[in-house]
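Derivation of every value follows stated rules applied to the coordinates shown; laboratory data play no part. It should be emphasised that the depicted structure is a prediction, and the values quoted were computed from it without experimental measurement. Glycine also receives a Cβ, built like all others from the backbone with ideal geometry; neighbour counts cover every protein chain displayed.
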Amino acid sequence: MCGICFWLQFSHATEFKPYYEKALQLIARRGSDYQGFHDIRVNGTSKTMNFHGCVLHLRGEKLGCQPAIDANGNVLLWNGEIFGGLEV
């Protein structure tokens, strides 16, 4: 079981920070083996995209870390796993 959270911050205002922190506390129990963060500032705006992934590693040899970020800066969060599927 994993936990994922995406938060779009529209400004540097901090009034919503307690809600974000509470959401992270709640999903942390869903993945105690790994927690990852990635923030992206939206160019030319005051918006920031916040990605958070928690992983509970139950099967396989390799731990899948989240969020996954490719060489182009694309970010992927997911929940669940396909067993016996194609290697990615």
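Below, the figures for the structure above:
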{"quantity": "Distance between modelled label sites at LEU76 and HIS57, nm, 7 Å Cα→Cβ extension", "calculated": "1.9"}
{"quantity": "Whichever lysines have a C-alpha closer than 24 Å to that of LYS47, once near sequence neighbours (fewer than 8 apart) are set aside", "calculated": "LYS17, LYS22"}
{"quantity": "Modelled FRET efficiency - R0 22 Å, ALA68 with THR45, Cβ distances, 0.05 increments", "calculated": "0.35"}
{"quantity": "Kirkwood-type radius of the range 1-49, with distances r between different C-alpha atoms, in Å", "calculated": "12.1"}
{"quantity": "Net lengthening on full extension, LEU26/SER11 (0.36 nm per residue, minus Cα-Cα)", "calculated": "3.0 nm"}
